Every structure is written in C-alpha cells, then in structure tokens.
Amino acid sequence: MWPNPRVPYELSSNRKKLSPPNGKSIIVHVVMNIEYWPFDKPMPRGILPPPHGKKSDPPDLPNYSWVEYGMRVGLPRIMKLFKNENIPVSSFINAQVGEIYPSAFDEICKLNWELVGHGWFQESLRVSENEEEIIEKSLHFLRARSGQAVRSWFGPGGGETDFTPELLKKNGVDFLHDWLIDELPCWMRTKLGPILAMPYTFELNDVPIWTVQNNSCDEMYKRTIATLNVLDEEKNDNPKILTLALHPHIVGVPQNFYYLKKIIKDIKKRKDVVFMTSSQIGDWFINEDGTNGSDLLPFLDSPPS
C-alpha cells in the first residue's frame, strides 16, 4: 500500500494550536485566476458543448469568447470591487498574460495583487513538453516584469508530475497550492527539502459551482455563509482559512458578480476576519509553526516494505 508520499497523515484535531494573525481567527484568502487560453489551441474547458456532436477544433469561438469576455469586462468589474473594498488579492496568473494582456497585467501590479505562478498559459504541466522549462520561464517572467518575489505556485488545473514539487523548490517557490488537503498549511516532503502545502478550494470555487454543477447564481453565497457558520464553531480550536477561488469569465458576469459583492460586504462586517494573500498566510504559518518542516522524514522514492 502506498500512502501519501509527500505529506504525513495527521488528524486536524491533533494539530498544534496556532495564534491567530492579529487576533483574527478566520483568514479569508481571495484568489483571482487570471488565464490565457490561446485562440489556436483546444479550449481547456467549455461553457457550450460542441455543436452537432462533433469535436470543436480551433478556433473554438464560443468558448474562447467566453473567456475573452472575462478579461475585457469581468476583470475590470472585479478590480473595482476589490479596490473599493480594500481587499488584498492573490492572482494565480499565467505568465503569458503579461504578453497577451499587458494592460491587465500592469493594472494587477498597480493594484498590488500578489502574483502566484500558474504556468505559462492555461495548460496542465502533465501535458507540457518540458515542465522544467515552463516553470523556469513563467517564474522568471513574472518576477522580472513585476518586481515581486513570486514565492507561490498553483499549477494550471492543479496538475503535477512526480517531479513538480522538486522543480518548484529548485526555482525558489516556498508555497504550493496544488495539495488542498487541509484547512491550514502543512509541511510537505521534496527531495530538495520541505515546501509548504497550502490550502485552496474546489468547494468555494466558481468553476465547479457554476460551470460544472450548474448551480443557481446564489450558490456561492449560500455555501460561504454555511461555511462560516461551521468555522464559527471550530475557530477557537485553531485558526481557519476560507478561500474564495474566482475566475473573471465566471464570477465577473453580472448575475454572479452580484453575489460576490454580497459575500465580500458580509464578510467585512465580521470582527474575527482578516484578509491575507498566499505568502502572507505562508509566512504567518511558518512563524507560528516554528519547525520549518524539520519533523518530516526523508522523501521515499518507492513504497515502504
């Protein structure tokens, strides 16, 4: 039997008690996924099925336009909301956005959104011809263009190979959001030393909610309120992280954006909430945990006998 080779199992109820940041026991992490879907490639996802039951070869105009709308209309709408509400944001961003949508990239940097590596364009590392080249190229571009350290990563589609964590560690990544296995960060083995596995979400994520499960426009709002009700019962045991995972072409359409505004305004009324970005959460945890992953056993290349 081959257990999780990178993160040792631990009941969340047995984890070390951490002091909440600034005395706020619920950390809210707002994530904007900013992506480039090339016009001449198959679309990563679709809002419409192929017409006449035939595969949609490029150009897939309906689904390309769906995403392009987000970059043209949804993104400015979202930017205005978060700027007006003074919300810090992590941008999980394809590096090529800086070439294809330079004015959007520049505005993201002007707003001081934290950049998180998310590949070169929206293609899983599992199908990339040269994974190491993509990681190096993406991180170098983001760092050079923005001046930010870019210490975090989320692979397109959450995709990894057996070598991804090592390649990220080698290229200066401290925080990895692919392993969404806990509501707090946890230390993770690599052959080059520990890296921090960070929370993310598929539950409060506009892709599953509205494009996979086809829920009503108020579904994310209802889920967020329900989540907060449960976290209220647990927050005294340990701080809790609530992530909102968003995409401009999905949450940026008016009917969904209406409920995003309600979510943000309702959360801001609470006295126990602090908004933080990826590296802020990671640095808080490292300081509170105090181990730097020293308790991890070495990485195993093969299952234990």
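No value in this document is a laboratory result; all are computed from the given coordinates. No experiment lies behind these values; they were computed from the predicted model shown. FYI the Cβ positions are ideal-geometry reconstructions off the backbone, even for glycines, and counts take in every protein chain you see.
Assorted remarks:
- For Ser19, the conditions (1) closer than 27 Å to Leu246 by Cβ; (2) touching a helix residue (DSSP H, G or I) at 6+ places or on another chain (Cβ under 9 Å); (3) in contact (Cβ under 8 Å) with a residue 24 or more places away in the chain; (4) assigned to a loop (DSSP other than H, G, I, E, B) are fulfilled apart from (1).
- Gly117 vs. criteria touching a Leu at 6+ places or on another chain (Cβ under 6 Å) and either of a type in the set (Ser, Thr, Tyr) or within 15 Å of Met32 (Cβ to Cβ) (or both): yes
- Of all residues making up region 142-188, the number that are more than 25 Å from Thr291 (Cβ to Cβ), touching a residue at least 60 places away in the same chain (Cβ under 8 Å) and among the β-branched types (Val, Ile, Thr): 0
- Pairs with Cβ under 9 Å, 6+ apart, first in region 88-99 and closer than 17 Å to Ala149 by Cβ, second basic (Lys, Arg) and not in a strand (DSSP E or B): Ala95/Lys137; Ala95/Arg145; Gly98/Arg145
- Residues in region 197-238 that are over 18 Å from the mean Cα position of the chain (by Cα), assigned to a loop (DSSP other than H, G, I, E, B) and farther than 20 Å from Lys24 by Cβ: Gln213, Asn214, Asn215, Ser216, Cys217, Asp218.
- Restricting the first member to region 267-294 and to residues that are at positive phi, and the second to residues that are not in a loop (DSSP other than H, G, I, E, B), the beta-carbon pairs closer than 7 Å and six or more apart or on different chains are Asn292/Ile286; Gly293/Trp187.
- Taking the criterion of being outside any loop (DSSP other than H, G, I, E, B), more than 25 Å from Leu11 (Cβ to Cβ) and in contact with a Leu (Cβ under 8 Å, 6 or more places away or on another chain), the residues of region 158-186 that qualify are Thr164, Glu166, Leu168, Lys169, Lys170.
- Residue match in region 110-130 (condition: touching a helix residue (DSSP H, G or I) at 6+ places or on another chain (Cβ under 8 Å) and in a helix (DSSP H, G or I)): no
- Hey, Leu260 in contact (Cβ under 8 Å) with a residue 60 or more places away in the chain, outside any helix (DSSP H, G or I) and not aromatic (Phe, Trp, Tyr) or not: no
- Summed over region 227-260, residues that are within 23 Å of Tyr69 (Cα to Cα) and surrounded by fewer than 16 Cβ atoms within 10 Å (Cβ to Cβ) total 3.
- Considering (1) surrounded by 17 or more Cβ atoms within 10 Å (Cβ to Cβ); (2) under 23 Å from Val207 (Cβ atoms), the lone condition that Leu167 does not fulfil carries the number (2).
- Matching entry among Pro44, Pro58 (being closer than 26 Å to Gly155 by Cβ and either under 22 Å from the mean Cα position of the chain (by Cα) or surrounded by fewer than 12 Cβ atoms within 10 Å (Cβ to Cβ) (or both)): Pro44
- The sole residue among Val7, Val30 that is within 22 Å of Trp187 (Cβ to Cβ), in contact (Cβ under 8 Å) with a residue 40 or more places away in the chain and outside any helix (DSSP H, G or I) is Val7.
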